[in-house]
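Asks: For reference, the structure I am asking about is given below.
The values are calculated or read from the model by the stated rules, or taken from the named source; none is laboratory data. Treat the numbers as computed from the prediction; the structure is a model and nothing was measured. Counting neighbours? That spans all protein chains shown, and the Cβs are built from the backbone with ideal geometry, glycine included.
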Amino acid sequence: MKTFDELFAELTERARTRPAGSGTVTALDDGVHAQGKKVLEEAGEVWIAAEHESDERLAEEISQLLYRVQVLMLGRGLTTSDVYRYL
Ligand SMILES: N=c1c2ncn([C@@H]3O[C@H](COP(=O)(O)OP(=O)(O)OP(=O)(O)O)[C@@H](O)[C@H]3O)c2ncn1[C@@H]1O[C@H](COP(=O)(O)O)[C@@H](O)[C@H]1O
């Protein structure tokens, strides 16, 4: 189990070291257009899960959405501080 900040730190490290086999590295190389589409796709899956699926499935879909948002943040060079200042 990890927090949003811990995952972001992990993905930041993946972006820096670019280990072989990292899905995050591939997603970053795919570019912002593809990263944005993934955010939209996962958001749709969250919506569907919220209406029709179990709490567990919904939580899993939300975790994937958070991951995709973080990949997009990294793709655009944003940090968590850039976002948190608006919360
Ligand atoms: N939290 C996640 C995470 N959530 C979702 N995903 C990716 O998103 C996919 C699920 O989303 P989709 O619905 O698009 O599934 P899919 O269509 O079957 O998958 P794709 O064909 O799009 O890969 C998963 O198969 C993963 O590839 C994640 N990939 C990685 N992480 C974490 O990110 C960290 C770094 O991962 P790597 O970069 O892969 O080492 C690790 O801690 C991982 O646990």
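Asks: From the list Ala49, Ala15, which one is aliphatic (A, V, I, L, M), touching a Leu at 6+ places or on another chain (Cβ under 9 Å) and over 17 Å from Leu74 (Cα atoms)? Full working, then the answer.
Replies: Numbers: Ala15 fails: over 17 Å from Leu74 (Cα atoms).
Step by step, each of Ala49, Ala15 is checked, and only Ala49 is aliphatic (A, V, I, L, M), touching a Leu at 6+ places or on another chain (Cβ under 9 Å) and over 17 Å from Leu74 (Cα atoms).
Asks: Still on this structure, I have one more. Any residue at all in region 4-21 that is under 11 Å from the mean Cα position of the chain (by Cα) and hydroxyl-bearing (Ser, Thr, Tyr)? Write out each step before concluding.
Replies: In the first step, residues of region 4-21 are kept if they are under 11 Å from the mean Cα position of the chain (by Cα); the result is 4, 7-8, 11.
Narrowing further to those that are hydroxyl-bearing (Ser, Thr, Tyr): none.
No, there is no match, as no residue in region 4-21 is under 11 Å from the mean Cα position of the chain (by Cα) and hydroxyl-bearing (Ser, Thr, Tyr).
Asks: Next question. Being near the ligand (Cβ under 7 Å from one of its atoms) and surrounded by 16 or more Cβ atoms within 10 Å (Cβ to Cβ) is the filter here, so list the residues in region 23-53 that pass it.
Replies: Here is the first cut: in region 23-53, the residues near the ligand (Cβ under 7 Å from one of its atoms) are 23-25, 38, 41-42, 45.
Within region 23-53, Thr24, Val25, Lys38, Glu42, Glu45 qualify.
Asks: So, Asp82, is that one at pLDDT 95 or above, away from the ligand (no atom under 12 Å from the Cβ) and on the phi < 0 side of the Ramachandran plot or not? Show your work before the answer.
Replies: On the way: at pLDDT 95 or above: yes; away from the ligand (no atom under 12 Å from the Cβ): yes; on the phi < 0 side of the Ramachandran plot: yes.
Taking the combined requirement at face value, the residue satisfies it.
Asks: I would also like to ask the following. Looking at region 11-22 only, could you name the residues that are surrounded by 13 or more Cβ atoms within 10 Å (Cβ to Cβ) and either hydrophobic (A, V, I, L, M, F, W, C) or within 18 Å of Ile62 (Cβ to Cβ) (or both)?
Replies: If the condition is that a residue be surrounded by 13 or more Cβ atoms within 10 Å (Cβ to Cβ) and either hydrophobic (A, V, I, L, M, F, W, C) or within 18 Å of Ile62 (Cβ to Cβ) (or both), then Leu11, Ala15 are the ones that fit.
Asks: Does any residue in region 63-86 that is in contact (Cβ under 8 Å) with a residue 24 or more places away in the chain come within less than 8 Å, Cβ to Cβ, of a residue that is more than 16 Å from the ligand (Cβ to nearest atom) and not in a helix (DSSP H, G or I) six or more places away or on a different chain, and which pairs are these?
Replies: Met73/Thr79
Asks: Here's a follow-up. Does Glu56 qualify as being among the charged types (D, E, K, R) and surrounded by 15 or more Cβ atoms within 10 Å (Cβ to Cβ)? Working first, answer last.
Replies: On the way: among the charged types (D, E, K, R): yes; surrounded by 15 or more Cβ atoms within 10 Å (Cβ to Cβ): no.
No; evaluated as a whole, the condition is false for this residue.
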